[in-house]
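Before any comments, here is the structure.
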Amino acid sequence: MFNIRVLILLLVLLLGILFVYLHHEWRPTSFIPQTNTHRDRLSAEVTVNQIFHLVAPDHLKYKQPSIVHGRTDVVTLAPWLAPVIWEGTFNPVLLDSIYQSKNITVAATVFAVGKYIRFLKKFLETAERFFFVGFRVNIYVFTDRPKEVPRVQMSAGRKVVVHSVPSSDRWQEISARRMELIQNLIEEVQNSTDYIFCLDVDSEFHGRWGSESLGGLVAVIHPGYYRDDRGRFPYERRPASRAYVADGEGDFYYCGGAFGGLLQEVHLLAKTCHLNFKADAEEGIEAAWQEESHLNRYMWINKPSKILSPEYLWQDFKPRNPEIHIIRFSGVVKNYADIRPNV
Ligand code: 5GW
Ligand code: MN
């Protein structure tokens with residue numbers, strides 16, 4: 001028997017269901033944009049959103065881009081259409097605005113084992129002045145001398161995080177561990193970090209290194225070989241090594257001293273290079289330039305989606321070539337006998 005109370009109750013229930021129905025977004029989950037509260041950085045969705053959806057603020061005033069005038073003294077696109085970043089090819093104000101709104105966090109790793117700790121102070125001080133200024137940055141220092149890590153004043157949203165590693169007298173050991181530690185770090189920070197760059201400590205920043213360098217897989221052209229024929233690149237040339245690059249193959253010679261990209265891309269690179277390095281070692285093979293050789297092999301097969309010009313890792317002892325309009329990051333001149341344990 002219907003009574004008025006039951007009817008009202010049913011009505012309220014129906015209205016409730018209708019309310020929930022209308023307020024729920026019935027989009028397939030794969031189209032829900034990622035926000036900072038919903039993070040899973042190693043998933044593919046994030047990649048699409050991060051890399052391809054570029055939102056500029058309305059009314060931002062900047063120099064009109066030209067479609068007919070630009071750098072003609074250098075190549076700005078690889079044959080697989082990855083941009084090569086040179087001074088004059090990008091607008092830093094525009095890029096910073098685009099990436100600021102994404103609210104990203106950038107990590108950098110740097111190893112300072114043994115006497116290499118002496119390079120850390122200048123590295124950190126100059127990173128604070130030039131590396132992703134205005135962005136959230138975490139610099140992860142891996143060292144066997146945590147007490148000797150210099151205190152460098154960092155601005156808000158930026159910090160230095162120290163990770164202890166065992167001492168080693170053998171560069172081969174330090175080198176072998178580098179990729180493994182990078183892989184582990186990425187797994188640790190994946191929910192709070194978007195991009196990572198892995199850098200040599202024996203270097204200093206001299207100019208902007210910022211959002212123009214962001215990409216999926218990012219490689220830096222080695223300053224020592226970029227005008228040479230690829231037959232002269234110091235790739236690993238023995239087929240027995242997993243870093244082997246055959247004669248007549250290879251695109252560019254990339255630096256082991258700087259590489260990076262999206263977390264998931266660098267994770268795969270570090271994991272692959274580490275496994276190949278280890279498998280080689282078990283067969284008694286050490287590639288010509290250790291992880292740099294494995295990195296070059298990796299980048300030959302897995303093309304970098306963004307390439308940084310040698311502006312992004314110069315060497316202090318090299319005179320500046322005319323196509324280098326700015327030196328952003330450069331290796332210092334070091335006294336090998338003084339700092340290296342076993343050479
Ligand atoms: C490097 C060469 C031989 C023996 C030891 C080392 C070494 C390297 C070391 O004792 N401690 C150390 O922290 N490293 C890390 O590896 C530094 O981050 C360094 O920047 C990086 C690569 O080594 P580099 O810079 O000497 O290599 P090149 O090719 O830039 O000269
Ligand atoms: Mn170096």
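Observations
- Exclusive hit being away from ligand 1 (no atom under 16 Å from the Cβ) and crowded, with 16+ Cβ neighbours inside 10 Å, set Phe132, Phe111: Phe132
- Within region 222-250, if we keep just the residues that are within 16 Å of ligand 1 (Cβ to nearest atom) and surrounded by 21 or more Cβ atoms within 10 Å (Cβ to Cβ), the residue that is nearest to the chain's Cα centre (by Cα) turns out to be His222.
- The residue of region 88-108 that is nearest to ligand 1 (Cβ to nearest atom), among those that are buried (at least 18 other Cβ atoms within 10 Å of the Cβ) and small (Gly, Ala, Ser), is Ala108.
- Among (1) of a type in the set (S, T, N, Q); (2) at pLDDT below 75; (3) under 24 Å from Asn91 (Cβ atoms) - the single one Ser66 does not satisfy: (2)
- Inspection of region 65-88 finds no residue satisfying the criterion of being over 22 Å from Tyr195 (Cβ atoms) and in a helix (DSSP H, G or I).
- Which listed residue is free of Cβ contacts under 8 Å to residues at least 60 places away in the same chain, under 22 Å from the mean Cα position of the chain (by Cα) and farther than 27 Å from Asp251 by Cβ, from Val113, Val68, Val55, Val133: Val55
- When residues of region 298-343 are limited to those that are among the polar types (S, T, N, Q) and either away from ligand 2 (no atom under 15 Å from the Cβ) or touching a residue at least 24 places away in the same chain (Cβ under 8 Å) (or both), the one surrounded by the most Cβ atoms within 10 Å (Cβ to Cβ): Ser309
- Residue that is surrounded by the fewest Cβ atoms within 10 Å (Cβ to Cβ), among those in region 183-204 that are within 16 Å of the chain's Cα centre (by Cα), within 16 Å of ligand 2 (Cβ to nearest atom) and more than 14 Å from Asn138 (Cα to Cα): Asp200
- For region 290-342, a tally of residues being part of a loop (DSSP other than H, G, I, E, B) and either more than 16 Å from Gly224 (Cβ to Cβ) or modelled with pLDDT of 95 or more (or both) returns 25.
- Failed item, numbered, when Ser168 is tested on (1) over 23 Å from Glu265 (Cβ atoms); (2) touching a helix residue (DSSP H, G or I) at 6+ places or on another chain (Cβ under 9 Å); (3) modelled with pLDDT of 95 or more: (3)
- Residue among Ser175, Ser213 that alone is among the polar types (S, T, N, Q), within 16 Å of ligand 2 (Cβ to nearest atom) and crowded, with 16+ Cβ neighbours inside 10 Å: Ser175
- Residue match in region 101-110 (condition: farther than 24 Å from Glu187 by Cβ, among the hydroxyl-bearing types (Ser, Thr, Tyr), assigned to a loop (DSSP other than H, G, I, E, B) and in contact (Cβ under 8 Å) with a residue 40 or more places away in the chain): yes
The values are calculated or read from the model by the stated rules, or taken from the named source; none is laboratory data. No experiment lies behind these values; they were computed from the predicted model shown. Neighbour counts are summed over all protein chains in view; Cβ atoms, including those assigned to glycine, are modelled from backbone coordinates with ideal geometry.
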